[in-house]
Amino acid sequence: PWIVALMVYLAGLALAGMLLLDAALGDWNRGLNGVMTVELPPAANAKDGAEEIKLVVAVLQATPGVAHAAQLPREAVAKLVEPWLGGDEAVGQLALPRLIDVRIDVAHRPDFEDLRAKLANAAPGAMLDDARQRFDRLFDLGRSVEVTAAVILLLIVIAAVLTTVFTTRAGLAVQQNVIEILHILG
């Protein structure tokens, strides 16, 4: 019984881990689906920066497959880097990149290579950051861990069943004489 209880416990742990990992991967997938960022280097002055932002947003909005494009305010960018750089004073002295939040129509994705070329023409130094490309390897790792947990779960279940079968057969083999007498008696 202790061996079977240990196997059931391990199977429960593997199943719980598999379900939690699947939920986390699903959340990541939903969170990253249709989201991109365009990063522009800091502007030399506010006027040139505003014109460049308007031009890049116009290019993005004219691109088929882009549902929405809007600049993130400097305060939002500062909030993004605050956990690593500290409070407002440290962030206020930095030349932060300008970010444009882009939402993509998932059903009709744009041609990313063409979009990168258009952005390079509109604003030198503009970088298109597709979060999905960055996290694909992480998703693959998560799925492989999930498959490994499923295989471990299957092996534990098979081992528990085989242990139960062999234990039952061994118990019956020990009592073979009694079983034969009961069989003869009817």
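The values are calculated or read from the model by the stated rules, or taken from the named source; none is laboratory data. All of these numbers come straight from a predicted model, not from anything done at the bench. Note: ideal-geometry Cβ built from the backbone for every residue, glycine included; neighbour counts use all protein chains shown. Just so you know, the surface numbers come from the protein's heavy atoms only, side chains and all, with ligands and any DNA or RNA stripped out. Shrake-Rupley method; radii C 1.70, N 1.55, O 1.52, S 1.80 Å.
Structural remarks
- Applied to the stretch 14-26, the Karplus parametrisation 6.51 cos²θ - 1.76 cosθ + 1.60 on θ = phi - 60° returns per-residue 3J(HN,Hα) values of 5, 5, 5, x, 5, 5, 5, 5, 5, 5, 5, 5, x Hz, with x for Gly and Pro.
- Here the stretch 1-159 has 65 percent of its accessible surface on carbon and sulfur atoms, given a 1.4 Å probe and all protein chains in place.
- Using a probe of 1.4 Å on the protein chains alone, the accessible area found for F166 is around 130 Å².
- Between L96 and R169, the simple spin-label model (points 7 angstrom out along Cα→Cβ) gives 6.9 nm.
- One decimal place: the segment H108-D136 gains 8.1 nm when fully extended, by the rule 0.36 nm per residue minus the C-alpha distance.
- Three-way shape call for the chain based on the alpha-carbon gyration tensor, with the a/c threshold at 1.5: prolate
- Note on exposure: R134, R74, R30 ranked by accessible area (1.4 Å probe, complete protein assembly) read R30, R134, R74, with the most exposed listed first.
- Spatial separation of Cα centroids for the stretch 15-45 and the stretch 120-171, in angstrom: 18
- Accessible surface, the chain, averaged per residue in Å² (probe 1.4 Å): 68
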